[in-house]
Amino acid sequence: MSFPLVRMRRMRRNETIRRMVRETTLSVDDLIMPYFVRSGTGVKDEIKSMPGNYQWSPDALVDECKELADLGVPGIILFGIPDHKDSEGSSGFVGDPIVCQTVELLKTKVPELCVITDVCMCEYTDHGHCGAIGTNRDGNPDVDNDGTLELLVKESLAHANAGADMVAPSDMMDGRVQEIRLALDEEDFQDVPIMAYSAKYASAFYGPFRDAAESPPQFGDRSSYQMDPANLKEAMREIELDEVEGADIVMVKPALPYLDVIRWAADNTDVPIAAYNVSGEFSMLKAAAMNGWIDEKRAALESLLCIKRAGAKMILTYWAKDAAKWLAE
Ligand code: PBG
């Protein structure tokens, strides 16, 4: 008896069959669009390193977000660029921070949009680090993990007070998810979930973002609090800890060079996994596309689909708006 030749190709013969056997789908529901906000009116300044992305004033962002919501994109994440920076990043939580102003406006004008806020110090500190600075055992300046927690709590509460639907701490200080959860619950924000940047690597792929958020560290780097790209087991511990501390969603960041981490998280945790398709991943393709070297739409949709295939439930991506249009074509 002879076996028939296995022909994998017959399942790819036409688009209808391909559709029927497709294992992963990308939907507009999976997308979260990042935006950068600063004070002013009518501001829409293009970010050089991220073509097609802008620093917005709150009023200008309203129209943009209406468009985004009409396209069906469910959520956005906000990053603030303050007028003044200081060593404690106080413009992130004192007075009427730019992110809070924006949240309030968006929740009145575009209530259907889920507004997530990035909680971190680096946009607001004059030294550009993600936490307050103390002194380490060698007498050198270093990020003070425990001293930063109360600042992150204040920032989270300010965002929740303004009406944020979800807070997303991106600082990578140990213990911050628990502190933020306890404080939110105490202030009657039990319904505000935490999306934790859990496995956040010390990555060169954040380069363009630091330009956008005007937040490069003024000394040293972030390797004492962000993760070593060489490590997977460390990511497992970070993710498990954040889950135990009360994270409702855990994030892996960046996405494309870390698909194995996303896959591990998807197989081993029961909370939804978010992946951040970061600025460098975006700008690389964008630059190639602008040179005519790559088809942006195909390459972007392929990237996003592959991030989903790896196990992400949702993707933070600068292509969210474009992808929503492409998916509707
Ligand atoms: C702030 C923060 C960063 C990003 C998101 N939140 C920068 C950093 O940690 O240096 C990067 C996002 C991107 O590159 O698109 N802590």
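In this structure, Ile133 qualifies as open to solvent by 50 Å² or more (accessible area, probe 1.4 Å), at negative phi, within 16 Å of the ligand (Cβ to nearest atom) and not charged (D, E, K, R).
Here Met284, Met290 are screened, and the one residue that is of a type outside the set (S, T, N, Q) and within 16 Å of the ligand (Cβ to nearest atom) is Met284. Would you call Asp211 open to solvent by 40 Å² or more (accessible area, probe 1.4 Å), within 11 Å of the ligand (Cβ to nearest atom), over 14 Å from the mean Cα position of the chain (by Cα) and without any contact (Cβ under 8 Å) to a residue 40 or more places away in the chain? Judged against the criteria, Asp211 is not a match.
Of the residues in the stretch 13-30, at least one is modelled with pLDDT of 95 or more and open to solvent by less than 10 Å² (accessible area, probe 1.4 Å). Being modelled with pLDDT of 95 or more, closer than 24 Å to Pro111 by Cβ and more than 14 Å from the ligand (Cβ to nearest atom): is that true of Ala168 here? The answer is no for Ala168.
Filtering the stretch 281-295 to residues that are of a type outside the set (Lys, Arg), open to solvent by 10 Å² or more (accessible area, probe 1.4 Å) and part of a helix (DSSP H, G or I) leaves Ser283, Met284, Leu285, Ala287, Ala288, Ala289, Met290.
Restricting the stretch 77-95 to residues that are touching an Asp or Glu at 6+ places or on another chain (Cβ under 9 Å) and among the charged types (D, E, K, R), which is nearest to Phe36 (Cα to Cα)? The extreme case among them is Lys85.
The residue list Tyr225, Tyr197, Tyr206 contains one member that is within 12 Å of the ligand (Cβ to nearest atom) and in contact with a helix residue (DSSP H, G or I) (Cβ under 7 Å, 6 or more places away or on another chain), which is Tyr206. Note on the stretch 269-280: residues that are more than 12 Å from the ligand (Cβ to nearest atom), within 16 Å of Ile77 (Cβ to Cβ) and part of a loop (DSSP other than H, G, I, E, B) amount to 1. Taking the stretch 33-137 as the region of interest, the strands (runs of 3 or more DSSP E) fully inside it that hold 3 or more residues being within 30 Å of Ala328 (Cα to Cα) and at pLDDT 95 or above are 44-46, 54-56, 75-81, 114-119.
When you check Leu259 against the structure, is it more than 16 Å from the ligand (Cβ to nearest atom), over 22 Å from Leu151 (Cα atoms) and buried (at least 16 other Cβ atoms within 10 Å of the Cβ), yes or no? Spelling it out, Leu259 is indeed more than 16 Å from the ligand (Cβ to nearest atom), over 22 Å from Leu151 (Cα atoms) and buried (at least 16 other Cβ atoms within 10 Å of the Cβ). State the number of residues belonging to the stretch 31-68 that are open to solvent by less than 20 Å² (accessible area, probe 1.4 Å), more than 20 Å from Glu123 (Cβ to Cβ) and within 14 Å of the ligand (Cβ to nearest atom). Total satisfying the criteria: 0. Checking every residue in the stretch 267-277 against the condition of being open to solvent by less than 50 Å² (accessible area, probe 1.4 Å) and free of Cβ contacts under 8 Å to residues at least 40 places away in the same chain gives at least one match.
The values are calculated or read from the model by the stated rules, or taken from the named source; none is laboratory data. Remember, it's a predicted structure, so these values are computed and weren't measured experimentally. FYI the Cβ positions are ideal-geometry reconstructions off the backbone, even for glycines, and counts take in every protein chain you see. To get the accessible areas, we keep the full protein, side chains included, count just its heavy atoms, and leave off ligands, DNA and RNA. Shrake-Rupley method; radii C 1.70, N 1.55, O 1.52, S 1.80 Å.
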